[in-house]
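Comments concern the structure below.
Please treat every number below as a calculation from the coordinates, not as lab data. The structure presented is a predicted model; accordingly, all values stated were derived computationally and were not measured. For neighbour counting, all protein chains shown are included, and Cβ atoms are generated from backbone atoms with ideal geometry for every residue, glycine included.
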Amino acid sequence: MRSRGVLVLAAVLAAVLVTGLAAGWALRRDRDRDTPEQVAARYFAAWSKGDLEGMGELVADPPADFAAQHQALSRGLAVNTIALEPRPVVRSGPDAARAAFTVTRSLASHGSWSFASELRLGRVDGRWRVRWSPATLYPGLKGGGAWAMRQVTVPAATPVARDGRALPDGGPLEPYLAAITSRLDEEEDQSVWAIELRDGGGPPQRVKLFGTEKGREIETTLDRRVQAAAEKAVASAPGRAAVVAVRPGGGEVLAVADGLGGLGAFIGRYPPGSTFKVVTAGALLADGSGAGTGADCPASVVTAQRTIRNDEDHALGRTTLRGAFAASCNTTFARLAVERLGAEKLAASARRFGFGARLTPGVDAADGSFPGPESGAELAEAAIGQGRVQASPLLMASVAAAAADGSWRSPRLLAPTLIREGGGATPGPRPVPGASALRTMMRAVVTGGTAAGAGLPDGTAGKTGTAEIGAGQSHAWFIGYRDEVAFSVFVEAGGSGPKVAAPVAARFLKALP
């Protein structure tokens, strides 16, 4: 009997084990069939409960300090509660999706702090997973951020729009207004609390001020209507994006809609890709070429022992400089830079368009970088905005403004008398030779070139850019101007400039009054 009982018990255990395994396999199959919508919902639910372990299980290859980065923000800012408002998941391809969201944190004794961010998802080994990076925690964050609440002294002043009316409270302008307030030199100061972020080894940034009292109003150059159009366009972009608008002829920043986080549109440096062909074309025009000068556009070319290819291997054969510019022929501009211009002439053109100049908008801003090419191969890459060439969306908006006006000016958010920068004066205007021909070429980009299908309104001129950044990814760019507004559109890892950034620019321009 005992033997029989053992056999019965063994059978029962085996049945339970089989049932458990079957249930586990079924659950795994269900998880394998999870949609990005389901993964995003579970991630947000776990985040709302503070379940960092559950969040990590939904992340593809989470970093070792995944939980520590979340805890560092909560501890540094004394977070009491967190509220998440997810938006619908948007698919950007068969294996990629994103979900915009707003997060609001209640901070002990200081009120609440809200900002918009984005959750990226992708299919990894056949399963949908969260593609987490520090920027998911706070837009633009690149490393393990150090967060702190600090009591600071700021002027008793309130930045307002150029018409004297109030600017939007919160949103992408918030870090810029905090930075303006922190830099003003006023007689009456006030002591307030600030959220301070130090990203990796970078300088501390104030991303939010609490308890500021309304003092003397300080007029900025920002235009409320242009700002609203820019923010609407950035909200529609498939990923973290920025739109910066500048007035040609004066350099006033009309709008900065920054979805990159912090002051990303001003201090971020990125390869400009083919938008830099505005600079290369400017060098050729200054050297005596014209928009109708003959040029070759083969699908590929070897110059200075460097093979350069056009996007999708397109070719025009024999054409004009205007035609090659409109079609964004890498082969044309790389070869002409090596065989006709040389490094010195291209570098001189870069300087005329503000590269290497000290930008003084009234808040922190990164200079454009154009290191002298050390070889013919580097020169070929630099001519198409790759290699070591880097620029911010702010600088590229000023490049578009220079083409529109005929002179480059340092962009600014405040009146010149309010900009007190150490270490030298704001650079003066820099004439751009051949600007009229350059405008003709930029117009051709929209009427029959790479931006022809983007839906840009009549009268727009510009240049698309797709900047390769490795691992099969590219930043998407479009810079241009229409009427009295010059602008740059940047979509981080957005892919194609013509397919992604140019339509965002179209939505921006169509939203203008």
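Using all alpha carbons of the stretch 36-137, what is the percent of pairwise distances in each 10 Å bin, ordered from the shortest bin to the longest?
Values per bin, smallest distances first: 15, 49, 29, 7, 0.
Summing Lys, Arg as +1 and Asp, Glu as -1, what charge do residues with Cβ under 11 Å from the Cβ of Q205 carry, Q205 excluded? Provide the component values of the computation, followed by the final result.
Values: positive: R198, R206, K208; negative: E196, D199, D364.
Net charge around Q205: 0.
What FRET efficiency would be calculated for the residue pair T104, E468, taking the C-beta separation as r and a Förster radius of 30 Å, to the nearest 0.05? Spell out each step's value before the answer.
Values: r = 37 Å, r/R0 = 1.24.
Using R0 = 30 Å, I get an efficiency of 0.20.
Can you give the net charge of the other residues whose Cβ lies under 13 Å from the Cβ of R150, counting K and R as +1 and D and E as -1?
Values: positive: R198, R206, K208; negative: E196.
My count for the surroundings of R150 gives +2.
For the chain, what does the equivalent ellipsoid look like in terms of its semi-axes, each the square root of 5 times an eigenvalue of the Cα gyration tensor, given largest first in whole Å?
Values: eigenvalues 401, 214, 68 Å².
Equivalent ellipsoid semi-axes, largest first: 45, 33, 18 Å.
In degrees, nearest 10, range 0 to 90: what is the angle between the Cα axis of helix 2-32 and the longest Cα principal axis of the chain?
Tilt of helix 2-32: around 20 degrees.
Please work out the Cα center distance from the stretch 390-407 to the stretch 95-143, rounded to the nearest Å.
About 31 Å separates the Cα centre of the stretch 390-407 from the one of the stretch 95-143.
Quickly estimate the mean residue ellipticity at 222 nm for the chain, helices only: each DSSP H run with n ≥ 4 gives -39500 (n - 2.57), and the total goes over all residues, rounded to 500.
Numbers: 16 runs with 169 residues, N = 513.
Computed ellipticity for the chain at 222 nm equals -10000 deg cm²/dmol.
Apply the Karplus parameterisation 6.51 cos²θ - 1.76 cosθ + 1.60, with θ equal to phi minus 60°, to every residue of the stretch 172-184 and state each ³J(HN,Hα) to the nearest whole Hz, in sequence, with x for glycine and proline.
Using θ = phi - 60°, the values come out as x, 7, 3, x, 6, 5, 5, 5, 4, 4, 5, 9, 5 Hz.
If each residue of separation counts as 0.36 nm, what is the full-extension length gain between S191 and T447 once their alpha-carbon separation is subtracted?
On the way: separation 256, 0.36 × 256 = 92.16 nm, distance 5.42 nm.
Taking 0.36 nm per residue and subtracting the Cα distance, the gain is 86.7 nm.
What does the extension gain come out to for A83 and Q38, with contour length at 0.36 nm per residue minus their alpha carbon separation?
Extra length from A83 to Q38 when fully extended: 14.3 nm.
Give the range of the longest stretch in the chain that excludes all trypsin sites (Lys or Arg not before Pro) found in loop regions by DSSP and having at most 13 other beta-carbon atoms within 10 Å.
Numbers: sites that count: R33, K49, R165, K214, R420.
The longest uninterrupted stretch comes out as 215-419.
In percent, how large is the relative contact order of the chain, given Cα pairs closer than 8 Å and 6 or more residues apart?
13
Restricting to the chain, what percent of DSSP beta bridges are antiparallel, rounded to 5? Please report the intermediate quantities before stating the final value.
On the way: 82 of 89 bridges.
Looking only at bridges with both residues in the chain, the antiparallel portion is about 90 percent.
In nm, what is the difference between 0.36 nm times the number of residues separating R358 and K142 and their Cα-Cα distance? If you can, show how the numbers build up before the last one.
Working: separation 216, 0.36 × 216 = 77.76 nm, distance 2.42 nm.
Extending this stretch completely gives an extra 75.3 nm.
Give me the net charge for the shell around V234: Cβ to Cβ below 15 angstrom, other residues only, Lys and Arg +1, Asp and Glu -1. Walk me through the intermediate numbers first.
Numbers: positive: R87, R98, K232, R240, R507, K510; negative: E118, E174, E231, D258, E492.
Within the 15 Å Cβ shell, the charges total +1.
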